[in-house]
Amino acid sequence: MSAVREAIADAARAVILPDGLAKLTCTGYVPDAVTVPCFFTAEYTVDYDRVMNRGMDKVELTCQVLVGIADDRAAQRLLDGLLSGSGPASLKAAIEAARGAPGEDALGGLADDLHVTRLQGYRWYEHQGTTYLGGQLTINIIGEG
């Protein structure tokens, strides 16, 4: 899972934020300190043995995106772009681009396929004593067990 988490973070780095904004910080692990805007992979669940003899596992990975709140409207516009279903700042579009071409494995061969399936928790988050605006993306990943 470590390599998969890092590959998801690498894919997220492809987002293009509006001019004048800091580049999106991306990590495959929950960071001790957040540099906003920030995307990171967080908790995950694994359904083992979806196919006999370790043929396939299904992972549900929850990722978090946090933005600063110095200007509440600007923060919400930025977060809306990151959590949108399409567009240059869309995390969904950037991550799903790592699926590869039809017939290719996802994440450079680390998975059979992946799909960003859900946005949830669009709200205020506290991380290490600081409050951010953020949301969570759920990614379903399937691959050999």
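Each value in this text was obtained by applying a stated rule to the coordinates, not by laboratory testing. These figures come from a predicted structure and were not determined experimentally. Here the Cβ positions follow ideal geometry from the backbone for every residue, glycine too, while neighbour counts run over all protein chains shown.
Numbers at a glance
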| quantity | calculated |
| --- | --- |
| On Cα atoms only, tilt of 72-82 relative to the major axis of the chain in degrees | 20 degrees |
| Value at 222 nm in deg cm²/dmol, rounded to 500, when DSSP H runs of n ≥ 4 in the chain each add -39,500 (n - 2.57) | -5500 deg cm²/dmol |
| Ranked 92, 58, 23, criterion: other C-beta atoms within 10 Å, fewest first | 23, 58, 92 |
| Nitroxide proxy distance, nm - points 7 Å out along Cα→Cβ at residue 30 and residue 51 | 3.3 nm |
| Spin-label pair residue 1/residue 13, simplified geometry with 7 Å Cα→Cβ offset, distance in nm | 2.3 nm |
| From phi via Karplus (6.51, -1.76, 1.60), per-residue ³J(HN,Hα) for the range 97-114 in Hz, x at Gly/Pro | 5, 7, 5, x, 6, x, x, 8, 6, 7, 6, x, x, 7, 8, 6, 6, 8 |
| The chain: angle of helix 2-12 to the longest principal axis, Cα-based, in degrees nearest 10 | 50 degrees |
| Net lengthening on full extension, residue 42/residue 123 (0.36 nm per residue, minus Cα-Cα) | 27.5 nm |
| From the C-alpha gyration tensor of the chain, square roots of 5λ in Å | 28, 16, 12 |
